[in-house]
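Before we start, here is the structure in question, set down as structure tokens.
The values are calculated or read from the model by the stated rules, or taken from the named source; none is laboratory data. Source: prediction; values computed, not measured. In this analysis, Cβ positions are derived from the backbone assuming ideal geometry, glycine residues included, and neighbour counts consider all displayed protein chains.
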Amino acid sequence: MNEEKMKQYRWDNKKEILAHDILYTCTTTCDYSMDRIIVLEKDNKLIFLEGGHCSCYDFDETKWEATEFDRYDSESIIKFLQVDDDFDSGYLRKRTLEFLKYYSSMFRKEV
């Protein structure tokens with residue numbers, strides 16, 4: 001059986017985010033533009049919401065991209081979060097991986 005490792009979709013018009021769903025969030029330094037990553041834990045899934053905005057738009061206008069993984073698929077999650085660039089999204093993903101290594105023994109193996 002070939003199962004889907006990750007699912008990507010727009011978060012627009014999805015169910016509301018409740019406080020107990022939020023596992024982690026990180027935002028780049030306040031500037032004329034900002035990026036943010038939010039990690040949700042829902043129904044044995046980890047959902048990574050990534051979005052950004054510039055000063056011409058309010059943060060509520062952010063278009064959120066969602067990437068969803070099975071909660072226990074640490075290998076695919078680690079691959080997703082490992083990036084080689086220094087852009088804001090790479091910075092946020094690296095910080096998120098650091099958090100997950102601290103938070104969960106599933107992610108503590110050396111990568």
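How do the strands (runs of 3 or more DSSP E) wholly within region 1-48 filter down when requiring 1 or more residues that are charged (D, E, K, R), within 22 Å of Asp73 (Cβ to Cβ) and modelled with pLDDT of 80 or more: which remain?
Values: elements: 6-10, 22-27, 33-42.
So the answer is 6-10, 33-42.
Scan region 49-59 residue by residue and report those that are of a type outside the set (Asp, Glu) and either surrounded by 16 or more Cβ atoms within 10 Å (Cβ to Cβ) or at pLDDT 90 or above (or both).
Of region 49-59, the ones of a type outside the set (Asp, Glu) are 49, 51-57, 59.
Of everything in region 49-59, those that are of a type outside the set (Asp, Glu) and either surrounded by 16 or more Cβ atoms within 10 Å (Cβ to Cβ) or at pLDDT 90 or above (or both) turn out to be Leu49, Gly51, Gly52, His53.
Does at least one position in region 60-68 carry a residue that is out of contact with any strand residue (DSSP E or B) (no Cβ under 7 Å at 6 or more places or on another chain) and either modelled with pLDDT under 90 or surrounded by fewer than 16 Cβ atoms within 10 Å (Cβ to Cβ) (or both)?
yes
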